[in-house]
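The values are calculated or read from the model by the stated rules, or taken from the named source; none is laboratory data. Everything quoted here is computed from the prediction, not taken from an experiment. Positions of Cβ are backbone-derived with ideal geometry, glycine not excepted, and every protein chain shown enters the neighbour counts. Ligands, DNA and RNA are stripped out before the accessible areas are found, and what is left, the full protein with its side chains, is counted by its heavy atoms. Shrake-Rupley method; radii C 1.70, N 1.55, O 1.52, S 1.80 Å.
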Amino acid sequence: MAARLAEPRTPPKPFDPETDLRPDGYPRAEAIHKRLHVYESLSDYDSRLSELIEYFGWETAHKAEACRRWFFGDDVKQQRFLDALGLSYWEYAVMHQYALFNRFDPERPDMYWLYDETVERLERLGGRDAVWVLDFGCGLGQIGVGFALDGYKVVLSDIQPPQLDFARFLCANRDVEPEFHQAAEGEYFDTGRDGRPFGCVIEWGVLEHIADAVACVDNITSGLVPGGVFVTTTLEREWTDELKEFYIRDAGDAAQAEQLWSDEIRSLVTERFEVVRRPGTLATLLVRRG
């Protein structure tokens, strides 16, 4: 899967957490947010910068602040930027993602706002001892690491070795040991292949980079148990023309991006899932039908 660089700069609706408050708040997400913050004496941002320095060394990681800048893949300025900083693409991509955001940051329209409801549904399925979690196209693995910190059995799957290597580093720094899956080109982790019950599959900004979205969704959710949760940022969206244009450019392939709002993917989702929540975040919560 391609690097998760950034979400659309102009989402369909402004993110307003005040419109999405739960009566009991978000204590599980807040606990994960705190545990992801390794160096308590530093701000969350500076803690992440310190980890980048540990991983890359000072000579590379001190450039992380500049790497918060994002480029479309077809932007000719990207290569000039990399040359000027003396960075490889994957050094830039990892530092961009980790310097720019924490997936459990309550200031972002991110996983923080979905986590409590997701784990409550997992607990109805038996919880930590009963079901697995797949972070598909995990990138740096921040979401999957969050579930692992909460005691869940987690698979982190991605096609890019540099991202998985950094995810392993984050896990080692937090003393968690999820399962890692290195995908091959055109291979999508099949949750139904070995009989393990999966209670949750996360797809966060991945499907626009997938050549066959229908086959991918079929594979990654085949082993999702009835009542299991599929968290997706690319399906069941409110597809405005502006948003479609963004995804087409981000994918770099119009036909590939157009799969996301095709009749084929809609049919699969309708047949297999019930939409249970469209929160004021980037993701939709789908639940596997019985």
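Name the helices (runs of 4 or more DSSP H) wholly inside the stretch 215-272 in which the number of residues that are open to solvent by 30 Å² or more (accessible area, probe 1.4 Å), more than 24 Å from Trp113 (Cβ to Cβ) and among the charged types (D, E, K, R) is 3 or more.
Qualifying helices (runs of 4 or more DSSP H): 241-251, 263-272.
Inspect all residues belonging to the stretch 192-203 and state whether any of them is of a type outside the set (S, T, N, Q), touching a helix residue (DSSP H, G or I) at 6+ places or on another chain (Cβ under 9 Å) and within 20 Å of Ala257 (Cα to Cα).
Looking for residues that are of a type outside the set (S, T, N, Q), touching a helix residue (DSSP H, G or I) at 6+ places or on another chain (Cβ under 9 Å) and within 20 Å of Ala257 (Cα to Cα), one finds at least one in the stretch 192-203, hence yes.
Tell me which residues, restricted to the stretch 128-143, are farther than 26 Å from Arg48 by Cβ and in a helix (DSSP H, G or I).
Arg128, Asp129
Can you say whether Val145 is open to solvent by less than 10 Å² (accessible area, probe 1.4 Å), among the β-branched types (Val, Ile, Thr), within 13 Å of the chain's Cα centre (by Cα) and within 21 Å of Leu282 (Cβ to Cβ), as far as the supplied structure shows?
yes
Those residues that are open to solvent by 20 Å² or more (accessible area, probe 1.4 Å) and more than 16 Å from Leu286 (Cβ to Cβ), I need them from the stretch 192-214; list them, please.
Once the filter is applied, which keeps residues that are open to solvent by 20 Å² or more (accessible area, probe 1.4 Å) and more than 16 Å from Leu286 (Cβ to Cβ), the stretch 192-214 yields Gly192, Arg193, Asp194, Gly195, Arg196, Pro197, His209, Ala211, Asp212.
At least 1 residues that are of a type in the set (D, E, K, R), open to solvent by less than 50 Å² (accessible area, probe 1.4 Å) and at pLDDT 95 or above in each: list the helices (runs of 4 or more DSSP H) lying fully within the stretch 18-69 that qualify.
In the stretch 18-69, 44-56 are the helices (runs of 4 or more DSSP H) which contain 1 or more residues that are of a type in the set (D, E, K, R), open to solvent by less than 50 Å² (accessible area, probe 1.4 Å) and at pLDDT 95 or above.
For residues in the stretch 133-189 being touching a strand residue (DSSP E or B) at 6+ places or on another chain (Cβ under 7 Å) and acidic (Asp, Glu), which is nearest to Ala93 (Cα to Cα)?
Asp135
Under the condition of being within 18 Å of Ile32 (Cβ to Cβ), touching a Cys at 6+ places or on another chain (Cβ under 9 Å) and of a type in the set (A, V, I, L, M), which residue from the stretch 156-191 is surrounded by the most Cβ atoms within 10 Å (Cβ to Cβ)?
Filtering first and then ranking leaves Leu156.
Every residue in the stretch 128-142 that is among the small types (Gly, Ala, Ser) and surrounded by 20 or more Cβ atoms within 10 Å (Cβ to Cβ), please.
Across the stretch 128-142, the qualifying residues are Gly137, Gly139, Gly141.
Just to check your reading of the model, which residue among Phe180, Phe147 is part of a strand (DSSP E or B), under 27 Å from Ser50 (Cα atoms) and aromatic (Phe, Trp, Tyr)?
Unique residue meeting the criteria: Phe180.
Is there any pair with a first residue in the stretch 57-74 that is under 10 Å from Met95 (Cα atoms) and a second that is open to solvent by less than 30 Å² (accessible area, probe 1.4 Å) and not hydrophobic (A, V, I, L, M, F, W, C) whose Cβ atoms are under 6 Å apart and which are 6 or more apart or on different chains, and what are they?
Listed pairs, sorted by first residue: Cys67/Tyr92; Cys67/His96.
What are the residues in the stretch 149-164 that are without any contact (Cβ under 8 Å) to a residue 24 or more places away in the chain and under 19 Å from Phe104 (Cβ atoms), if any?
Listed by number, the list holds a single entry, Gly151.
So, of the residues in the stretch 78-127 that are of a type in the set (Gly, Ala, Ser) and not in a loop (DSSP other than H, G, I, E, B), which turns out to be most open to solvent (accessible area, probe 1.4 Å)?
Filtering first and then ranking leaves Ala84.
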